[in-house]
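Novice: The structure that follows is given in the form of structure tokens.
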Amino acid sequence: MHVLLAIILLAPCTKVVPLAAGDSAPCTGILMPREAAMQCALCEKVNIASLELKLEHQEAVYTAKLDALETKLDDERADHARRDQDIAQLRDQLTTPWYNSPWVVAGGLVIGLLVLDRLIPEF
């Protein structure tokens, strides 16, 4: 319908003129086959109100989905922060094992020297 209206507005012709193949058009404008002109004339009118309702519905659906995803993201961030706190607490509680202490190495060295002194008196 819009195309036919555009043809009527753009063409300076004031009447419909049938043309055969090879004939020159008596005016300027958009030339289209009869089938295309009939399809434009018979085109179903668009129900704007229905489309607006569908658009509002889709906006509501996607807004709800977005809100749900944002809530889930906030929950995941809070869970991640809680786990980071748990890890920090565990790191604070973690101490160096007794066998990694430099005192153990020094004590082992002293005991080793004493044992060697008893086993080998000349040492």
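Since every read-out is calculated from the coordinates, none of them should be taken as a lab result. All figures in this text were calculated on a predicted structure; none of them were measured in a lab. FYI the Cβ positions are ideal-geometry reconstructions off the backbone, even for glycines, and counts take in every protein chain you see.
Novice: May I ask you to evaluate 6.51 cos²θ - 1.76 cosθ + 1.60, the Karplus curve with θ = phi - 60°, for each residue of the stretch 28-35 and list the ³J(HN,Hα) values in order in whole Hz, giving x for glycine and proline?
Specialist: Per residue, the Karplus-derived 3J(HN,Hα) values read 8, x, 9, 9, 9, x, 4, 4 Hz.
Novice: For residue 99 and residue 75 in the same chain, what is the full-extension length gain: residue separation times 0.36 nm, less their Cα-Cα distance, in nm?
Specialist: Extra length available between residue 99 and residue 75 comes to 4.5 nm.
Novice: Based on the Kirkwood radius over alpha-carbon pairs, what is the Stokes-Einstein translational diffusion coefficient of the stretch 52-95 at 25 °C with 0.890 mPa s viscosity, in µm²/s?
Specialist: Estimated via Stokes-Einstein, D reaches 189 µm²/s.
Novice: OK, next. Determine ³J(HN,Hα), in whole Hz, for all residues of the stretch 73-89 in sequence, where each value follows from phi through the Karplus function 6.51 cos²θ - 1.76 cosθ + 1.60 and θ = phi - 60°; x replaces Gly and Pro.
Specialist: Computed from phi, the couplings for the stretch 73-89 are 5, 4, 4, 5, 5, 5, 5, 5, 5, 5, 5, 4, 5, 4, 5, 5, 5 Hz.
Novice: About the Cα centre of the stretch 34-111, what is the dipole size in debye to 20, counting +1 per Lys and Arg Cβ and -1 per Asp and Glu Cβ, all else neutral?
Specialist: 240 debye
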